1. Quick one: count up the residues across the stretch 48-59 that are more than 10 Å from the ligand (Cβ to nearest atom) and either aromatic (Phe, Trp, Tyr) or surrounded by 12 or more Cβ atoms within 10 Å (Cβ to Cβ) (or both).
2. Report, by residue number, each residue of the stretch 20-57 that is farther than 11 Å from residue 3 by Cβ and among the aliphatic types (A, V, I, L, M).
3. Just give me the residues in the stretch 4-19 being near the ligand (Cβ under 9 Å from one of its atoms) and not polar (S, T, N, Q), in sequence order.
4. Go through the stretch 1-47 and report how many residues are of a type in the set (Val, Ile, Thr) and either surrounded by 14 or more Cβ atoms within 10 Å (Cβ to Cβ) or in contact with a Cys (Cβ under 8 Å, 6 or more places away or on another chain) (or both).
Amino acid sequence: MRLVIDPTRCHGHGTCAQLLDEYIRLDKWHYPIVGKQKVSAGHADLLMRASQLCPELAISIVDD
Ligand code: SF4
């Protein structure tokens, strides 16, 4: 499981990085930078929460 952010939707609110600081860091304009690492099963709830709280609905969860 990993997270994907749609850059055409993201407005750089930064909420996601607060919730998922192990997976997301912000650039100097407060836009998220996401690596390709998988999210551990123990963080699945947190990932779901970040996805739901994103005001632009820019976060998708990909199962691969
Ligand atoms: S919470 Fe959503 S809109 Fe805000 S930085 Fe994260 S992905 Fe972008």
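Coordinate-derived values only; no laboratory data. This is a predicted model, so every value here is computed, not measured. Note that each Cβ is placed from the backbone with ideal geometry, even for glycine, and that neighbours are counted across all protein chains shown.
1. Step one: filter the stretch 48-59 for residues more than 10 Å from the ligand (Cβ to nearest atom), giving 48-49, 52.
From what is left, the residues that are either aromatic (Phe, Trp, Tyr) or surrounded by 12 or more Cβ atoms within 10 Å (Cβ to Cβ) (or both) are 48-49.
Final tally of qualifying residues: 2.
2. Matches in the stretch 20-57: 26, 33, 41, 53, 57.
3. As a first pass, look at the stretch 4-19 and keep what is near the ligand (Cβ under 9 Å from one of its atoms): 5-7, 9-19.
Selection gives 5, 6, 7, 9, 10, 11, 12, 13, 14, 16, 17, 19.
4. Narrowing the stretch 1-47 to residues of a type in the set (Val, Ile, Thr): 4-5, 8, 15, 24, 33-34, 39.
When the remaining residues are screened for being either surrounded by 14 or more Cβ atoms within 10 Å (Cβ to Cβ) or in contact with a Cys (Cβ under 8 Å, 6 or more places away or on another chain) (or both), the result is 5, 15, 24, 34, 39.
Of the residues in that region, 5 qualify.
Each row is one residue, and each column tells you yes or no for (1) closer than 15 Å to residue 62 by Cβ; (2) away from the ligand (no atom under 12 Å from the Cβ).
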| site | (1), (2) |
| --- | --- |
| 23 | yes, no |
| 28 | no, yes |
| 36 | yes, yes |
| 45 | no, yes |
